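Structure record follows, encoded as structure tokens.
The values are calculated or read from the model by the stated rules, or taken from the named source; none is laboratory data. Remember, it's a predicted structure, so these values are computed and weren't measured experimentally. We place every Cβ from the backbone using ideal geometry, glycine too, and count neighbours over all the protein chains shown. What goes into the accessible areas is simple: the full protein's heavy atoms, side chains included, and nothing from ligands, DNA or RNA. Shrake-Rupley method; radii C 1.70, N 1.55, O 1.52, S 1.80 Å.
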Amino acid sequence: MKKRTLFFIEVFFILTFLISPCCYGKEKAYKEVKKVQYGQDTVHTYQHLGTGAQILWIENDSKEYGFAVGVKTPTINSTGVNHIIEHAIFTGSEAYPSPQLFFEASAAYPSLYMNALTSSDRTFYPFSTPYMPCYKALVKIYLDSLFRPNFLKEPSSFYEEGFHYNPNTKSLGGVVYNEMKGAYGSDNRAIYRAIRSFFYRDTPYTHDSGGNPEEIPTLRYEDFVATYKKYYYPGNMQILFYGQVPIQELLMTLEGYLRPYAYEEAIDLKVNLPEVPQFATLEVLPAQNGSSLAKVWRLKRPLTAEEEVALETWIEANWFHPQSTFKKALEQTGLSKGYFFKDEELPYPVYGIVFSQLTDQEVQESQCILNQLLDESLDKPQSNSLLEKEIIKRTQFSGLLVQESSERGLEVMEALNEAWTHDKSLDTFYLKLQALEGDLLGQLKKAPILLKEADEATLVLLPYKAQTTSNLEEILKKADRSKKNDWAQIVEDMITWQKINTDFSLPSLKLQDFVRDFKPQLVVKEKKGNTYLDLTCSSELARTQLYYPTNQLTKDQLPILFFYSHLLNEIAKEHIPFKGDIETQCLALEKKGEILPLFKIKVLTPAKETRHGELYQIIRQELLEKDKSWYEVKRQEWLKNYRTKIRENPLGLLGSLCKGYEGGAKHYNYEMGVPFYEWMKALEKQESKLWIKQVKDLDQLIYRSEGVTVATTGPCAYRNPYAKSWEKQFKKQEALAQKNNQTDCIETIYPKQSIVPIQSKVDYLYEECTLKNRQLTGKDYVTMAYLTAHYLNPQIRMGQGAYGAGGKAQFPDTLSFYTYRDPDYKASLKILEGIPAFLKAECSQEDFEQSKQEALNSIHVQFQLLQGCMEQADSLERLYLAGYTAEKINQLQQEVITMQQKELLQQADELKRLIKKAAQGIATGKPVESLTEDCKVYDF
Ligand SMILES: [Zn+2]
């Protein structure tokens, strides 16, 4: 589940309790039991009289409309039953009998967010959209799916989403089965699961709600249906509406679904906590990544909102802030970076500190030091009010970001549902915001006491030694608990079912209504050789983004530049006092066929802070003053993080490797991936630490007084003080030497095919095609949407049971195809080869029109049109730098609208050529037999 961030509301905290007798619905079906105002939100609590269901309406004037349903679903074993229900819910219902309902609905009705999530004790079904017609349509689809799912009558979706064996292809399918096989390769997940199971032994929190691949096959259809019936009734649900929605109408719609049910109380989630030992060694990690050490505390009671905020602030300030005594002492001992562990979605929260990727020797050595340091910090807590104030300021700032984000509705609904699930006061969420603004420093003194009173444990987490079942016979024996399990018949029925309702289509909305007219609002000015871009937003934040061309650097200097940029980000995180976010980034764009390498600086602060240029210079200076040991620690941390990153995201790694085969800006971006990693690894052997000098020297080669693009976004300000603060800096900088064009030096031959062996039972596949003679048009977006919905998804996801598959168009020149957590990449490769033939086959007019809708949606997502002003400015700046105006977005949308069905045919031949030439990446745990000549096998 997604981690929730705290956020605060600037408006005064007003509490007005109004117990209102007012009722909605014809027959007084609901009672409004409470109406409370918190800043901009008025939270109405209704009770459905017939069933006891709780309904919340968070009323405000937000531009997004949100809806969610939360169900209490305690986990009674590790068969993943709640997770499989969550998937199967959207595979067809009485009024919407389409096996692909979720994908069709998300294509037909554009949303900001649409998903479902399962955790140990609840399943949460949220979405949000800025379009009212879509909102109403999706609310009906969600309700019909939740209350009248077709899986009660027909088991095929249970097998499709859960587990099945296909005797024809001898493959093990099931979307959740493959999803979880992939998830079991993640270190972070294993650590989180281990800590939960340790503290909550013999409770619903011990089991894996996602499902253990060893146990998923044992789940029977009867138990799946019985679990749905046990949990999915209105009294066990909370239903949430967010924004300025027509509440009367919505409550009436809801009433139609609730009426058939009787009154019943929600499931009781109370648990008795087991006693736990103070030390345990657990074999739980996926192999290959070393061991982990965790120091964890389970609190003795649920915390108040104020205590929760105080404890988190205290831990962050005293253990994790780079300036804290504890953190400095830890670095002295050579202990690598630990991270803050927090599991609050529990009746009694767990906090801790975790070190991963350790050798056995490091585990032994570090335990003693760690205990000693932690004991000291808890026994004699030092007053660290400076750092504590810092953390509060940072938390308040990230609150402001959420406040302006387009996902605020989701955050609020998620928090309110979490409180309902765990019997906390619904105020908890708002009280946390209040706590951040109040006098928290007094509360902070109590924080170490909370930990000292808690149940404390040291856990040594080791790689998993027990053999998992990989023998097909054994797996099938587990699954074969019913005589009716005749797999050939099951698969045949499933395939028939998958095709059965393809005629069904959702009521479509007028396509033209979803074309976003993107009016160019970027004001462009030239001054003293620099370009100023400005987009005025009504915001409490202000942001400047500087783009320095870096084509004066040579190819050898690129890794130094990448590392320099990373180090600036690190120092910005450490810097006190906190004024806002400062980040740098290296990137390359293409303008009229030429590569445009850029060094980008972002300064984002509350709007009243205008000294952006000065703030950045302070950070820059601080970096140059850091000593060698700081640089060395950062180098080690980078390597560790990179290894984790590529293990946790094999598809991302493949995407980056495939860019090596391409020229231009793509190749530049490739250099930031594995080649940079190789360079960083090589530093280990450099005894002279010459690289530190190289990094410091590079600082002199970037900044220039001319040719810079300065983009500002924020509230309308007289003469733009943010840009002014940068002008002052330019005066201090010299004109730099002529460009060197490092990108011409890239001559090395790169492989077409990249193979990454991984320790996983599922595969990942990625193919990238680059258009050479033309740019993407709206038609490419339609084609990719059509292929994803009607070919790749049905064939690879539904047919083979991969967790995901699809195709994507990416402006300006890329078409890509991918599959992830795929049981068999070879079968998927064959399916990719069939793309041209599929495009030439017949296509229904309705399918084609719906793909246009999805194509519009993906253009909106790519250019962040549904997001806030800051995100839109980001897209506009990129377009400007690459030589386009916002008109390009309008043009792409028009090309989508006007595309004719016969044009799909024309795309078939081009795609055939492109796929043949595509760069290809494969990550697999299987032995790779036949390698093409142009292939490289990686070893990380
Ligand atoms: Zn899932």
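Here the strands (runs of 3 or more DSSP E) wholly within segment 219-310 that include at least 1 residues being over 26 Å from residue 424 (Cα atoms) are 279-285, 291-298.
Considering each residue of segment 253-283, count those that are open to solvent by 90 Å² or more (accessible area, probe 1.4 Å) and farther than 30 Å from residue 294 by Cα, and give that number. Counting residues in segment 253-283 that are open to solvent by 90 Å² or more (accessible area, probe 1.4 Å) and farther than 30 Å from residue 294 by Cα gives 6. Among residues that are away from the ligand (no atom under 16 Å from the Cβ), more than 16 Å from residue 414 (Cβ to Cβ) and buried (at least 24 other Cβ atoms within 10 Å of the Cβ), residue 53 is included.
Assess whether residue 157 counts as being open to solvent by 30 Å² or more (accessible area, probe 1.4 Å), hydroxyl-bearing (Ser, Thr, Tyr) and either away from the ligand (no atom under 16 Å from the Cβ) or within 22 Å of residue 500 (Cβ to Cβ) (or both). No, not satisfied. Open to solvent by less than 20 Å² (accessible area, probe 1.4 Å), modelled with pLDDT of 80 or more and in a loop (DSSP other than H, G, I, E, B): does that describe residue 533? Against the criterion (open to solvent by less than 20 Å² (accessible area, probe 1.4 Å), modelled with pLDDT of 80 or more and in a loop (DSSP other than H, G, I, E, B)), residue 533 does not qualify.
Close contacts from segment 239-261, counting a first residue that is more than 20 Å from residue 413 (Cβ to Cβ) and a second that is in a helix (DSSP H, G or I) and not charged (D, E, K, R), with Cβ to Cβ under 8 Å and a gap of 6+ residues or different chains, come to 261/234; 261/235. Scanning segment 160-191 for residues that are within 21 Å of residue 649 (Cβ to Cβ) and more than 16 Å from the ligand (Cβ to nearest atom) turns up 187, 188, 190, 191. Residues in segment 121-132: is at least one in contact with an Asp or Glu (Cβ under 7 Å, 6 or more places away or on another chain), within 16 Å of the ligand (Cβ to nearest atom), open to solvent by less than 10 Å² (accessible area, probe 1.4 Å) and among the β-branched types (Val, Ile, Thr)? Within segment 121-132, one or more residues are in contact with an Asp or Glu (Cβ under 7 Å, 6 or more places away or on another chain), within 16 Å of the ligand (Cβ to nearest atom), open to solvent by less than 10 Å² (accessible area, probe 1.4 Å) and among the β-branched types (Val, Ile, Thr). Within segment 619-628, the set of residues being touching a Lys or Arg at 6+ places or on another chain (Cβ under 9 Å) and open to solvent by 10 Å² or more (accessible area, probe 1.4 Å) comprises 624, 626, 628.
State yes or no: is residue 807 more than 24 Å from residue 184 (Cα to Cα), in contact with a strand residue (DSSP E or B) (Cβ under 7 Å, 6 or more places away or on another chain) and not assigned by TED's automatic domain parsing to the domain that holds residue 711? For residue 807, the condition - more than 24 Å from residue 184 (Cα to Cα), in contact with a strand residue (DSSP E or B) (Cβ under 7 Å, 6 or more places away or on another chain) and not assigned by TED's automatic domain parsing to the domain that holds residue 711 - is met. Any residue at all in segment 609-616 that is touching a Pro at 6+ places or on another chain (Cβ under 9 Å), open to solvent by 20 Å² or more (accessible area, probe 1.4 Å) and not assigned by TED's automatic domain parsing to the domain that holds residue 804? Yes, segment 609-616 has at least one match. Inspection of segment 563-572 finds a residue satisfying the criterion of being more than 26 Å from the chain's Cα centre (by Cα) and open to solvent by less than 10 Å² (accessible area, probe 1.4 Å). When 242, 232, 221, 228 are screened for being under 24 Å from the mean Cα position of the chain (by Cα), in the same structural domain as residue 39 (by TED's automatic domain parsing) and of a type in the set (Ser, Thr, Tyr), only 242 passes.
Restricting the first member to segment 171-183 and to residues that are assigned by TED's automatic domain parsing to the domain that holds residue 796 and at pLDDT 90 or above, and the second to residues that are more than 10 Å from the ligand (Cβ to nearest atom) and not β-branched (Val, Ile, Thr), no beta-carbon pair is closer than 9 Å while six or more apart or on different chains.
From the list 392, 449, the lone residue that is open to solvent by 10 Å² or more (accessible area, probe 1.4 Å), without any contact (Cβ under 8 Å) to a residue 12 or more places away in the chain and in the same structural domain as residue 323 (by TED's automatic domain parsing) is 449. In segment 493-505, of all residues being among the hydrophobic types (A, V, I, L, M, F, W, C) and modelled with pLDDT under 80, the one that is most open to solvent (accessible area, probe 1.4 Å) corresponds to 500. Residue count for segment 101-115 satisfying the condition of being within 24 Å of residue 233 (Cα to Cα) and open to solvent by 10 Å² or more (accessible area, probe 1.4 Å): 3. Selection of segment 815-844 for residues being among the hydrophobic types (A, V, I, L, M, F, W, C) and either open to solvent by less than 20 Å² (accessible area, probe 1.4 Å) or not in a loop (DSSP other than H, G, I, E, B) (or both) yields 815, 817, 827, 829, 831, 832, 835, 837, 838, 839. Within segment 61-84, the set of residues being open to solvent by 10 Å² or more (accessible area, probe 1.4 Å), touching a Phe, Trp or Tyr at 6+ places or on another chain (Cβ under 9 Å) and within 17 Å of residue 44 (Cα to Cα) comprises 62, 65. Within segment 803-814, identify whether any single residue is within 16 Å of the ligand (Cβ to nearest atom), modelled with pLDDT under 95, open to solvent by 10 Å² or more (accessible area, probe 1.4 Å) and among the charged types (D, E, K, R), and answer yes or no. Checking segment 803-814: not a single residue is within 16 Å of the ligand (Cβ to nearest atom), modelled with pLDDT under 95, open to solvent by 10 Å² or more (accessible area, probe 1.4 Å) and among the charged types (D, E, K, R).
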